[in-house]
Amino acid sequence: MKVALLEELLAARAARRPVVRLTWLEGGRERLVDATAGDLSSTLRERVGEAIRSDRGELVASADGPVFVHPLNPPLRLAIVGAVHIAQRLSSLARDLGYAVSVIDPRRGFLTEARFPDVEQSHEWPDAALESFDLDARTAVVTLSHDAKIDEPALAVALRSGCFYVGALGSRRTQERRRERLREAGLGEEELARIHGPVGLDLGARSPAEIALSIAAEMTATLRAQG
């Protein structure tokens with residue numbers, strides 16, 4: 001990789017901007033593009049978008065010969081609000097799926113190194129913590145505390161951001177009461193519709209481990225369906 005291309009890639013990584021490296025096999029020409037590149041053929045532009053969504057590279061035929069499409073996405077991140085038992089299971093599972101995990105809970109008795117080893121921790125109030133998180137299209141937020149004064153400020157920040165997934169623990173009745181309070185806080189119907197709640201795919205999950213699995217599955221389905 002040439003120095004100029006490497007510098008361009010490092011700038012994109014610092015900005016957490018998904019890009020794709022195109023390599024023309026005949027001649028070895030390289031170029032970094034994103035999903036908005038307007039000077040590509042419709043087929044190549046489509047494959048660039050698909051590579052970003054799927055995190056998979058592929059060889060694509062073009063008028064200038066075969067092109068290898070290599071996605072260079074920012075790392076996935078997961079912010080979990082509420083250091084409960086489900087969060088312990090979800091943080092471990094998410095790390096295995098490639099997420100950098102942060103757990104946020106102002107209750108220091110819940111969020112400890114013993115309960116959450118090797119996970120970034122924040123004892124700030126969740127809305128303040130998430131405001132500094134720079135939520136983007138490679139970030140998921142899941143609220144699990146089941147405490148309105150902790151979960152709802154975090155949801156308000158997440159729903160106004162570009163994060164790809166927002167999940168909230170709670171029954172359907174809890175979700176409706178929560179949505180009403182968020183409406184009163186100024187959120188619109190389009191923003192509220194982004195909440196995955198009750199959180200997770202309907203697997204009939206009961207234990208913390210099963211609920212964590214259902215959440216991770218729904219996050220994955222949402223991530224891969226983007227675009």
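Quick notes on this structure:
- Filtered residues of the stretch 132-151 (kept if within 19 Å of the chain's Cα centre (by Cα) and either among the aliphatic types (A, V, I, L, M) or farther than 25 Å from T174 by Cα (or both)): S132, F133, D134, L135, D136, A137, R138, A140, V141, V142, L144
- Checking each residue in the stretch 199-219 for being surrounded by fewer than 18 Cβ atoms within 10 Å (Cβ to Cβ) and modelled with pLDDT of 95 or more picks out L201, S207, P208, A209, E210, A217.
- Within the stretch 59-114, tally of residues that are under 30 Å from A11 (Cβ atoms), aromatic (F, W, Y) and more than 19 Å from the chain's Cα centre (by Cα): 1
- Candidate set from the stretch 90-105 (those that are of a type outside the set (A, V, I, L, M) and outside any loop (DSSP other than H, G, I, E, B)); member that is surrounded by the fewest Cβ atoms within 10 Å (Cβ to Cβ): D96
- Condition met for L40 (surrounded by 16 or more Cβ atoms within 10 Å (Cβ to Cβ), farther than 30 Å from V199 by Cα and either touching a Leu at 6+ places or on another chain (Cβ under 6 Å) or modelled with pLDDT of 90 or more (or both)): no
- Among the criteria (1) modelled with pLDDT under 90; (2) closer than 30 Å to H123 by Cα, the one D64 does not fulfil is (2).
- Reported count of residues in the stretch 165-178, each being surrounded by 20 or more Cβ atoms within 10 Å (Cβ to Cβ) and either without any contact (Cβ under 8 Å) to a residue 60 or more places away in the chain or within 13 Å of the chain's Cα centre (by Cα) (or both), is 5.
- Qualifying residue in the stretch 108-118 (condition: surrounded by 15 or more Cβ atoms within 10 Å (Cβ to Cβ) and either in contact (Cβ under 8 Å) with a residue 60 or more places away in the chain or of a type in the set (G, A, S) (or both)): no
- Any chance F116 is in the same structural domain as S161 (by TED's automatic domain parsing), touching a strand residue (DSSP E or B) at 6+ places or on another chain (Cβ under 6 Å) and assigned to a loop (DSSP other than H, G, I, E, B): yes
The values are calculated or read from the model by the stated rules, or taken from the named source; none is laboratory data. For clarity, every value in this text was computed on a predicted model and none was experimentally measured. Note: ideal-geometry Cβ built from the backbone for every residue, glycine included; neighbour counts use all protein chains shown.
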